[in-house]
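The values are calculated or read from the model by the stated rules, or taken from the named source; none is laboratory data. All figures in this text were calculated on a predicted structure; none of them were measured in a lab. Using ideal geometry, Cβ is built from the backbone for each residue, glycine included, and neighbour counts are taken over all protein chains shown.
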Amino acid sequence: MADATTTSAPSPRSSSSLRSWLARRPLAKQQLLLLLGLAVIVGIFDVLNPGFLAADNISSILQDSTETILLAFAETLVIITGGIDISVGATLGLSGIIGSLVVVGLGQGGMMLGAFPSLVLGTLAALAVGVGVGLANGLMVTKARVTPFIATLAMLGVATGLTFVLTNGVDVSGLAPAVATWGNTVFLGILTFPILVTIILGVIVGLFLHGARFGRWTFAIGSNARAARGAGIPVQRHLIKIYVLAGLLSAVAGVLVVMRLGTGSPLEGANDELNAIASVVIGGASLFGGTGTIIGSLLGALIIGVIVNGLIVAGIQPYWQTVIIGMIIAVAVMMQERGRARD
Amino acid sequence: MTDPLPLANRTPAGEPLLSLRHVGRTFGSVVALSNVTFDIRAGEVLGLVGDNGAGKSTIIKIISGMFPQTSGEVILEGKPRHWTSPQQALSAGIETVYQDVGLAATLSITANIFLGREVVRPGLLGRMGFLDNGAMSKVAQADTAKTGIRLPHLDTTVGNLSGGQRQAITIARSMSWARKLLILDEPTNHLGVPEVEELLRLIRHVRDEGVAVILISHTLAHVMAITDRIVVMRLGEVVAEHVTRESTTAAVVNDIVGATEAEIARSLN
Ligand SMILES: Nc1ncnc2c1ncn2[C@@H]1O[C@H](COP(=O)(O)OP(=O)(O)O)[C@@H](O)[C@H]1O
Ligand SMILES: [Mg+2]
């Protein structure tokens with residue numbers, strides 16, 4: 001072990017240019033490129049639709065994107081472990097519906113506290129649904145050794161089905177108007193309650209993922225699960241935690257959607273997994289596991305959000321959205337593969 | 001590493017650190033191990049040899065907790081053990097360089113050295129699991145320097161390293177954490193001649209600190225050079241045990257291939 005171990009790329013000490021700084025920081029480079037891409041897309045839409053960059057439109061893009069962003073955070077955790085969760089959208093839908101049903105069922109005319117107690121219980125019920133779904137996914141993946149794709153595909157079916165069984169396909173109406181008021185009131189120019197919650201959760205997940213043992217183990221499992229286990233990491237327990245967190249984040253998104261719309265719609269969440277996965281792969285995570293960042297996924301989700309909003313503003317038939325996002329996933333993964341082949 | 005044990009403790013007379021008694025392991029209908037019995041003492045280097053498929057890796061995976069035995073006893077320091085996860089063996093002071101497991105390729109050298117034993121910050125942040133990367137870098141620097149391994153910057157992602165460099169990191173990690181038993185399964189794979197010399201020097205160093213070492217290697221010259229005893233396995237069983245300085249390479253080879261085959265080989269020459 002004496003020599004032959006100093007062959008890695010010599011650090012480009014001679015030039016202190018941005019280029020060499022970035023060469024040593026592939027993540028920063030990736031994120032700058034994403035930021036650039038986002039700026040270009042925003043620029044194009046701004047030229048096509050004057051007023052696109054107005055504060056109220058930015059706020060509304062962010063507000064509409066909170067759903068995709070939160071699901072992208074959930075998906076990031078799972079994808080870094082080398083798995084995939086295609087039930088995030090269905091979980092969002094089911095938790096929103098159960099939350100709404102609980103609120104409406106409990107009634108919102110309490111004597112002293114008004115709608116508040118039932119809103120709290122409804123929220124807790126929704127979050128419990130997310131935890132339950134995530135736990136079921138995690139147990140299937142670890143204890144029953146079902147591949148993540150199949151386990152969460154099964155869950156997608158179960159959750160979507162339950163959503164429609166519970167609602168007969170009809171919106172859950174009758175939520176207090178205060179719900180939508182809280183969900184949509186803009187403060188500080190562009191913020192709303194959903195945007196604020198998304199920012200806070202993004203910061204928390206990002207800190208734990210990139211700064212704490214929780215994240216280190218998450219990356220290690222996706223990178224080499226056998227090595228992780230051999231190093232004493234409780235791989236199964238950690239994976240269960242990851243799927244539970246993914247379910248929980250999806251349920252938070254479900255609650256926020258209900259707050260945005262002021263009603264529980266059984267159609268919410270359908271195809272959302274597509275946007276979430278697209279955000280994560282655009283954000284630079286590898287579907288093979290072991291890489292990915294919260295910032296990358298956030299930028300990926302914003303790119304998706306801007307594209308979706310831009311298409312709507314441009315008056316393009318909304319059914320084109322999934323076509324375009326599906327193509328974005330394919331192109332992003334192909335570009336990653338080319339990058340990998342070059343390495 | 002703990003305090004070096006007095007040299008007297010290294011004599012074969014002491015209580016064994018680890019004893020295997022009639023250990024067996026099946027995978028479905030495959031019998032990987034049928035009857036493995038041997039002892040190892042603190043400060044002893046034990047060679048484990050045998051043809052491919054003899055069961056060497058299977059036995060060390062049982063000792064290191066990768067999976068439990070299906071029959072027989074694993075006794076560490078007098079207590080029978082039935083480990084179901086490597087975590088249990090690691091906390092008992094057993095470190096293993098696996099033949100076929102490798103490192104987390106997308107993590108840095110330092111992250112790999114501290115994998116599963118991350119150092120956290122002091123106080124509340126630490127209780128939430130926030131990492132003290134500075135402290136880990138320092139120790140990793142010292143560990144790798146002590147073992148004479150030269151590596152690129154320790155923030156480098158392991159996936160960018162050569163096979164030899166990765167093997168060197170795996171070895172450095174196990175050596176610096178081993179308190180009682182160090183298991184090396186084919187550790188010389190990917191290593192060049194000078195690296196192998198360095199590895200043998202390091203094994204002697206760990207042994208002198210009172211750690212027991214199990215070395216699995218196909219290169220009998222290394223096994224003869226460094227071990228105190230050699231256990232020979234064939235088809236899932238221990239077929240012979242040699243005291244290295246009283247034995248010869250030819251005698252060990254004989255036991256590895258089985259006498260009859262050896263005679264055939266000789267008659268062909
Ligand atoms: N996980 C497993 N499943 C089935 N058979 C296995 C497994 N691990 C090892 N074996 C079998 O056990 C036997 C011993 O293998 P191994 O311990 O790897 O041998 P060695 O390390 O001596 O080359 C081989 O026949 C191998 O096919
Ligand atoms: Mg082997």
> How many residues are in a helix (DSSP H, G or I), within 11 Å of chain B (Cβ to nearest Cβ), among the small types (Gly, Ala, Ser) and crowded, with 18+ Cβ neighbours inside 10 Å if we restrict to the range A:188-242?
Replying inline: 8
> Just checking, which of A:SER279, A:SER286, A:SER250 is more than 18 Å from A:ALA159 (Cβ to Cβ), polar (S, T, N, Q) and in a helix (DSSP H, G or I)?
Replying inline: A:SER279
> Does B:PRO16 satisfy being touching a helix residue (DSSP H, G or I) at 6+ places or on another chain (Cβ under 8 Å), away from ligand 2 (no atom under 16 Å from the Cβ) and modelled with pLDDT under 95?
Replying inline: no
> Looking only at the range B:108-139, which residues are farther than 18 Å from A:GLY222 by Cα, touching a residue at least 24 places away in the same chain (Cβ under 8 Å) and polar (S, T, N, Q)?
Replying inline: B:SER137
> Since B:SER34 meets every condition but one in (1) away from chain A (no Cβ under 14 Å); (2) at pLDDT 95 or above; (3) within 13 Å of ligand 1 (Cβ to nearest atom), which condition does it not meet?
Replying inline: (2)
>> Can you report the number of residues in the range B:50-74 which are in contact with a strand residue (DSSP E or B) (Cβ under 7 Å, 6 or more places away or on another chain), among the small types (Gly, Ala, Ser) and within 8 Å of ligand 1 (Cβ to nearest atom)?
In response: 4
> Is there a residue being more than 11 Å from every other protein chain (Cβ to nearest Cβ), of a type outside the set (Asp, Glu), surrounded by fewer than 18 Cβ atoms within 10 Å (Cβ to Cβ) and not in a helix (DSSP H, G or I) anywhere in the range B:128-146?
Replying inline: no
> Quick check: is even one residue across the range B:194-201 within 11 Å of chain A (Cβ to nearest Cβ), among the acidic types (Asp, Glu) and more than 22 Å from the chain's Cα centre (by Cα)?
Replying inline: no
>> If a residue must be modelled with pLDDT under 90, buried (at least 22 other Cβ atoms within 10 Å of the Cβ) and part of a loop (DSSP other than H, G, I, E, B), how many such residues does the range B:162-197 contain?
In response: 0
> Can you name the condition, by its number, that A:SER250 falls short on among (1) more than 13 Å from the chain's Cα centre (by Cα); (2) among the hydroxyl-bearing types (Ser, Thr, Tyr); (3) away from chain B (no Cβ under 14 Å)?
Replying inline: (1)
> Is it the case that some residue within the range A:56-64 is crowded, with 22+ Cβ neighbours inside 10 Å, under 12 Å from the mean Cα position of the chain (by Cα) and touching a residue at least 40 places away in the same chain (Cβ under 8 Å)?
Replying inline: no
> Which pairs have Cβ atoms under 6 Å, sit 6 or more apart or on different chains, and link a residue in the range B:96-107 that is more than 7 Å from chain A (Cβ to nearest Cβ) to one that is away from ligand 2 (no atom under 12 Å from the Cβ) and not in a loop (DSSP other than H, G, I, E, B)?
Replying inline: B:VAL97/B:THR170; B:VAL97/B:ILE171; B:VAL97/B:SER174
>> So B:ALA105 ticks every box in (1) within 16 Å of ligand 2 (Cβ to nearest atom); (2) surrounded by fewer than 22 Cβ atoms within 10 Å (Cβ to Cβ); (3) of a type in the set (A, V, I, L, M) but one. Which box is left unticked?
In response: (1)
>> Restricting to the range B:36-60, count the residues that are under 27 Å from B:HIS205 (Cα atoms) and in contact with an Asp or Glu (Cβ under 8 Å, 6 or more places away or on another chain).
In response: 9
>> If I filter the range B:108-123 down to residues being in a helix (DSSP H, G or I) and more than 9 Å from chain A (Cβ to nearest Cβ), which single residue comes out as surrounded by the fewest Cβ atoms within 10 Å (Cβ to Cβ)?
In response: B:GLY123
> Residues B:SER91, B:SER137, B:SER162, B:SER174: which one is small (Gly, Ala, Ser) and in contact with a strand residue (DSSP E or B) (Cβ under 6 Å, 6 or more places away or on another chain)?
Replying inline: B:SER174
>> Give me the residue from the range B:37-52 that is of a type in the set (Gly, Ala, Ser) and either free of Cβ contacts under 8 Å to residues at least 40 places away in the same chain or away from ligand 2 (no atom under 13 Å from the Cβ) (or both) and, out of that set, nearest to the other protein chains (Cβ to nearest Cβ).
In response: B:GLY47
>> Any residue in the range B:205-219 that is more than 14 Å from every other protein chain (Cβ to nearest Cβ) and within 16 Å of ligand 1 (Cβ to nearest atom) sitting within a Cβ distance under 7 Å of a residue that is part of a helix (DSSP H, G or I) and of a type in the set (Asp, Glu)? List the pairs, counting only those 6 or more apart or interchain.
In response: none
>> Which residue is nearest to A:ILE233 (Cα to Cα), if the candidates are limited to the range B:69-85 and must be surrounded by 14 or more Cβ atoms within 10 Å (Cβ to Cβ) and within 14 Å of chain A (Cβ to nearest Cβ)?
In response: B:SER85
>> What's the total number of residues in the range B:174-198 that are more than 16 Å from B:GLU209 (Cβ to Cβ) and away from ligand 2 (no atom under 16 Å from the Cβ)?
In response: 8
>> Which count do you get for residues in the range B:223-245 that are away from ligand 1 (no atom under 16 Å from the Cβ) and closer than 22 Å to B:LEU17 by Cβ?
In response: 9
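Could you go through the range B:57-65 and let me know if any residue there is within 14 Å of another protein chain (Cβ to nearest Cβ), within 14 Å of ligand 2 (Cβ to nearest atom), part of a loop (DSSP other than H, G, I, E, B) and buried (at least 21 other Cβ atoms within 10 Å of the Cβ).
Yes, that holds for at least one residue.
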> over 28 Å from A:GLN63 (Cβ atoms), out of contact with any helix residue (DSSP H, G or I) (no Cβ under 6 Å at 6 or more places or on another chain) and among the polar types (S, T, N, Q), is that true of A:THR142?
Replying inline: no
> Does the range B:86-93 contain at least one residue that is away from ligand 2 (no atom under 16 Å from the Cβ) and exposed (fewer than 15 other Cβ atoms within 10 Å of the Cβ)?
Replying inline: yes
> In this structure, does A:ALA126 turn out to be part of a helix (DSSP H, G or I), within 13 Å of A:VAL252 (Cα to Cα) and touching a helix residue (DSSP H, G or I) at 6+ places or on another chain (Cβ under 8 Å)?
Replying inline: yes
